[in-house]
1. What FRET efficiency comes out for Ser487 versus Val570 if R0 is 30 angstrom and r is the Cβ-Cβ distance? Round to the nearest 0.05.
2. Length gain on complete extension for the stretch Ala563 to Ala350, per 0.36 nm per residue less the alpha carbon to alpha carbon distance?
3. I'd like to check one number: the per residue accessible area of the stretch 148-243, probe 1.4 Å, reported in Å² as a whole number.
4. So which GluC sites (Glu not before Pro) in the stretch 70-162 end up in coil per DSSP with only 15 or fewer other C-beta atoms within 10 Å?
5. Considering Cα pairs under 8 angstrom that are at least six residues apart, work out the relative contact order of the stretch 455-581 and quote it in whole percent.
6. Between Arg50 and Gln163, what is the label-to-label distance in nm when each label sits 7 Å out along the Cα-to-Cβ direction?
7. For the stretch 603-648, what is the accessible area per residue in Å² when the probe is 1.4 Å?
8. Which value, in Å² rounded to 10, gives the accessible area of Thr660 with a 1.4 Å probe and all protein chains present?
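The values are calculated or read from the model by the stated rules, or taken from the named source; none is laboratory data. Values in this document were obtained by computation on a predicted structure and should not be read as measured data. Reconstructed Cβ throughout: ideal geometry from the backbone, glycine too, with neighbour counts over all protein chains shown. In case anyone asks, the SASA skips ligands and DNA or RNA and just uses the protein heavy atoms, side chains included. Shrake-Rupley method; radii C 1.70, N 1.55, O 1.52, S 1.80 Å.
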Amino acid sequence: MLSPRWQKLWRDLWLTRGRTTMMVIAIAVSIFGVGAVLTTYSTLTREISRNYLGTNPASATLEMDKVDDALVAAVRGRPGIADAEARASVTARVQVGPDTWRPLVLFVVKDMGAMRVSTFRSDGGAWPPPTGTMLVERTALPMVEARLGETVVVKTPNGPQHQVLISGVVHDPALAPAWQERMGYGYITPATLAWLGEKGDLDELKIVVSEQVGDAVAVERTARELAGWLQQQGHEVHEIQIPPPLKHPHQNQMVAVLLLLLIFSLMALVLSAILVATMISGLLAVQIRQIGVMKAVGAQTRQIAGLYVVMILVISAAALALGCPAGVAAGRAFSAALAELLNITLYSQAIPWWVFGVQVVAGLLVPLLVALGPIARGSRITVREAIADFGVSQERAGGRGLDAVLGGLRGLDRSLLLALRNTFRRRGRLLLTLGLLAAGGAMFMTGLNVKAAWGKNLDDSFATRRYDLEIRLSRPEPVESLIARISSLPGVKNVEAWGYAPTALARPGVIDVVRTYPDGGHGSFSLRAGPAETTLVKFPVLAGRRLQPGDTDALVLNQLALAQLPDVTVGDTLSLSLDGRGTAWRVVGIVREIGPASAYVTTEGFDRVSGHPGSARSLRIVTAEGDLVARGQVIQAIERTLTEANVSVAMVMADSVFRTALGEHIAILIFSLVAMAVVMAVVGVLGLMSTMSTNMAERTREFGVMQTIGATPHTVIRIVVSEGVFIGVLSWIIAVPLALPLSALVGTVTGNLAFRAPLPLVVSPFAVLLWLAITIIGSAAASALPAWRASRLTVRETLAYV
């Protein structure tokens, strides 16, 4: 048979099964969050590396004049080179509607059956593709708006339009999803490239270094040594591309997002532990006389404390049994969703042992550590103090000051005044409940505030971009004739010609090195030139000044470019390459811009160094049409005009498309923050329900007295629900200012993660009002059950209560 104290333990758990269930649910919800995030983190960090490294990604890519088989064989024999392969890539366009085109990056591979570097695999259809056909990356099918076996119209920079059959689908995990970049990815042979109207030569040498593969400095040193040797052999090397070693384009962002979610999950666990401490404190308050009796018959403080410690461990174990499997299941589902967003395949969803170990340790120890204080205080109570307890608080409702204020109120119903007084009866418990609800509310509002801040960030950014679309040309074209042609079109309000060229930090006698991934977007750095008095761009200045008329050697960097050049400050002289030539510029300012790393100069300055004065490779256009359909018609007219003028277009980027691309990069973070905020809100409401249940248990005799002097069940319910709503509104008042620093912190992390600039602090009125509504409704609902139980108590039951 069980000893009396263990019989008491199980009896207490049964008699307080409602409160016990709430404790189990609260801890289980938190364990669920921690488990889901840890499962996702452990799975994706392993699988993203497995996918990316499984392609044997190139450590560096050397852009050359021509790469043939003999050169590749010679390079493979060079010291420090583990492997090499010849490739090419061309930025083309694919037609997705009448006069509507989308960027299409074509990767050219000589023999897809013998790939050794930067590999990809077939996902269906032909392998390799016959001449005149192409393979499409699986995430790019929606972007080219076609399916396997269908044809699309493709146009390369120097060739005519061709109908190209999609003969197969491939998976290339080294690329970011095509729908995030708003472009297509195609894979063709050199023969197909020549058929499309381009030279069929391969001009990229991809290498894998044999030592210190993960060290960017070592990779750069090996690539430069190889480039020097190639030049000695009479080959031209134009540029060296070295992406971050061994890292998927979105790996850092993924890890940072998951770490942020893990922090929120751990905070939810701490809040649930505080909830447990509150509930245990309430249970001890109800059982004060029982503790006194146990001590009177010889029970020691450590035995009583041990009893409640075991109770916490039993509750935590039950929560683990409930929350751990659910968290793992959710983590696996979340991993699968993120894997699709990252364009990787989950080869295994095995979960390492440490994930379960962390959940067990956190689930058992955190609630216990937080509850030790109330347990120690309750178990140390003396027999005299226990006998003197009357089941209600001996604390004053709120002190003479509060009594005076409440006593001076006129016109309020007496039941509401009583609810106000009762709210402050247990001030210690009230503070814990307010802290729990306020923290949950602050995190809930933080999720929505960050979402609003991201929207405002985009709005502010596009307010500084006062043009509707940018058209990038394949080669420099005369400015005056282009502007005259396009300005005459109906629906076009303004046109500005801009210079554009990829660039990199130039060093005398050294080949340019850029940190660009194979897609040409991630890590790119470009030099852009426009009129000094442009009306189409006005980025906020972070340091220094904007460009001015007469600036022929001045340069302004955006914050992403500054991140690639961390030692550069305003006033420094910077040397940037342009077509392999070093050009000197004086840094006069730093501006904030959402977009790729860019350096801005004046048109006069660009003409001075470009070798193509009076020409431009980019057009920024303002249309007069407000709706997307009419604007699309204007774009089609511009496309036809450029085609008639024999101007080759590399890319057309409407502001709506650009905005969508930016939003897709951050959508998963915003969704995750809001999901975690909901978890926090659930824990907070459970905390209030626990507090109200404890308060009702302590005041059982009080309700009996109220009924004897004429209080109806409706009056009791109104008093209890009003008290819960008062607590909820107080927590909302605390949560609103608490959300400000939390929103600023998360906004800073999120902004720096995405574009190296913190998000603005935005207080969303919708978030504030929504949380107020949730608080009022949730408080009323959390108080309803205790209120209903209190209203059903008979006078006999209340007088018999001990």
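1. Working from the Cβ atoms, E equals 0.25.
2. 73.0 nm
3. Computed with neighbouring chains in place, this is 38 Å² per residue.
4. Filter output for the stretch 70-162: Glu145, Glu150.
5. In percent, rounded to a whole number, it is 28.
6. 4.3 nm
7. 46 Å²
8. 60 Å²
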